[in-house]
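In what follows, a structure is listed as structure tokens, so that the remarks can point back to it.
The values are calculated or read from the model by the stated rules, or taken from the named source; none is laboratory data. The structure displayed is predicted, hence computed values, not measured ones. Cβ placement follows ideal geometry from the backbone for every residue including glycine, while neighbour counts extend to all protein chains displayed. Surface accessibility is based on the protein's heavy atoms, side chains included, excluding ligands, DNA and RNA. Shrake-Rupley method; radii C 1.70, N 1.55, O 1.52, S 1.80 Å.
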Amino acid sequence: DLSLLRFISAELTRGYFLEHNEAKYTERRERVYTCMRIPKELEKLMFFGIFLCLDAFLYVFTLLPLRVFLAMFRFITLPCYGLRDRRLLQPAQVCDILKGVILVICYFMMHYVDYSMMYHLIRGQSVIKLYIIYNMLEVADRLFSSFGQDILDALYWTATEPKERKRAHIGVIPHFFMAVLYVFLHAILIMVQATTLNVAFNSHNKSLLTIMMSNNFVEIKGSVFKKFEKNNLFQMSNSDIKERFTNYVLLLIVCLRNMEQFSWNPDHLWVLFPDVCMVVASEIAVDIVKHAFITKFNDITADVYSEYRASLAFDLVSSRQKNAYTDYSDSVSRRMGFIPLPLAVLLIRVVTSSIKVQGVLAYVCVVLFYCGLISLKVLNSIVLLGKSCQYVKEAKMEEKLFNPVLTATPGKPAGKQQSMFKSTQGISTDENGSTSVTNQPMHQKENTPSLLVTSNSDQFLTTPDGEEKDISQDSSELKHRSSKKDLLEIDRFTICGNRID
């Protein structure tokens, strides 16, 4: 017996009970709480990662020149002490000298690039063309970072490879010229990025700057609606850390160039301040929105960012051990895709052209500024090391740091992995048999067991295509694997600029 009055009465008095579907609505509420926690947890990770990049960046200006000086002093005074070792220089000293020579050569090559001419050339282009150029530069920067670290690693290994082995490379000199060419081209690429950003700052209607900032929100569309696992999100987080730190350095370069044009008038700095805040705020807003919706659509909790931070801290602590076989700055470069050499070359070029050093007082100020940089580097390293030990302890990862176990890599037999570590370098010991902190690793024969401690962060997570069937059969075992172990098994030699499915 249906009637209009009964229908209206049913609509007005109809009830429903949410407690009958308690699990569903509890999950929805937790998603809201997760999105509310994302900004805090993400910024904690970003804050820690940016200081990691800063530590690696300051290393180029502070400790690297001192290490190069000590290596050259050892090379010059070596005949006075006689050849005690088969090597003239230790592998770490060879790498330091190569980095220093590349830095100096690229710095002098950058003098042939006219910044003013590049600025006026870019300023004469239309807004739409500059928008397209800026997008192309961002893609090219990721490609350069991905391939550039491979070039530098190939140079370091070619220069320090044991001589008694069969030669399987083209030589140190070709690798050296490839590295110099890469650093020079990458520095020019970053200079074009900084020049485009400078043109956007100096445009009258700020339309270019607005378009460039809106380009960040296009990044949300390209990443939010894709499926992400924890490991892929970790790579994206590292890429965002690197991108944010690079933007900070680019903003510093833009401010230096503008202040030079206005004769270092402090009033002009307040004119630039709103635009700088706009760029920084847009980066932070885009990262928060992007990560919030990625975690929402993929059912990832906000606690995963503390795991990411613990994994970065694990890399830092493991690289500070006596038997570490890689430099800390190199591990940061491989993990985040941040290569400090091109950015350092450009910054030195801009600072030396913007600031004129004349007179004794000016040189004294330069020396004091260098001492201040060293103090900042040491203080930053000490604080980072203390925080990293705290994060590793909170994540209960000490056993992986002090008691590493050689396990077979997924998709690879154990024999191949052990053979890879047999060719690594050993540790020099003193007369009492204890490991020396000051001595650099010495080369051992291949039949001698390696003394290096290997961490799970150096194992490969990827597997060949031919073994996908075996992985599908063992998928139930992979599900029970802990998230911390998965993060540590990400190959640190995989640059985060790689494609993310």
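What a 1.4 Å probe finds exposed on region 52-141 is 73% carbon and sulfur by accessible area, rounded to a whole percent. Rounded to the nearest 20, the size of the Cβ-charge dipole of region 48-402 about its Cα centre is 700 debye, with Lys and Arg at +1 and Asp and Glu at -1. Protection proxy ranking of 88-96, 331-339, by the mean of other Cβ atoms within 10 Å over each peptide's residues and highest first, is 331-339, 88-96. Report the one residue of L189, I288, I102 whose Cα lies farthest in the direction of the positive end of the charge dipole of region 48-402 (charges on C-beta: Lys and Arg +1, Asp and Glu -1; origin at the Cα centre). Value computed over the given set: I102.
Measuring between alpha carbons in the structure, the pairs from K163/K322; K290/K396; K44/K393 lying more than 22 angstrom apart are K163/K322; K290/K396.
Around the Cα centre of region 189-312, unit charges on the Cβ atoms of Lys, Arg, Asp and Glu (plus for the first two, minus for the last two) sum to a dipole of about 280 debye. Roughly speaking, what % of Cα-Cα pairs in region 48-402 are separated by over 34 Å, rounded to a whole number? The share of Cα pairs beyond 34 Å in region 48-402 comes to 33 percent.
The residues of region 29-187 expose on average 56 square angstrom of accessible surface per residue, using a 1.4 Å probe on protein heavy atoms. Across the accessible surface of region 202-309, with the other protein chains kept in place and a 1.4 Å probe, carbon and sulfur atoms take up 66 percent.
Which FRET efficiency value, to the nearest 0.05, do you get for V367 and S207 by plugging their Cβ-Cβ distance into 1/(1 + (r/R0)^6) with R0 = 45 Å? Taking R0 as 45 Å, the efficiency between V367 and S207 is 0.50. In this structure K206 has an accessible area near 60 Å², from a 1.4 Å probe over the protein heavy atoms. Each of H120, H111 has its accessible area taken with a 1.4 Å probe; listed largest first, they run H120, H111. Looking at region 253-321, the accessible area is 41 square angstrom per residue; that uses a 1.4 Å probe and ignores ligands, DNA and RNA. With 0.36 nm allotted per residue and the present C-alpha distance subtracted, the L5-S116 stretch has 31.9 nm of extension available.
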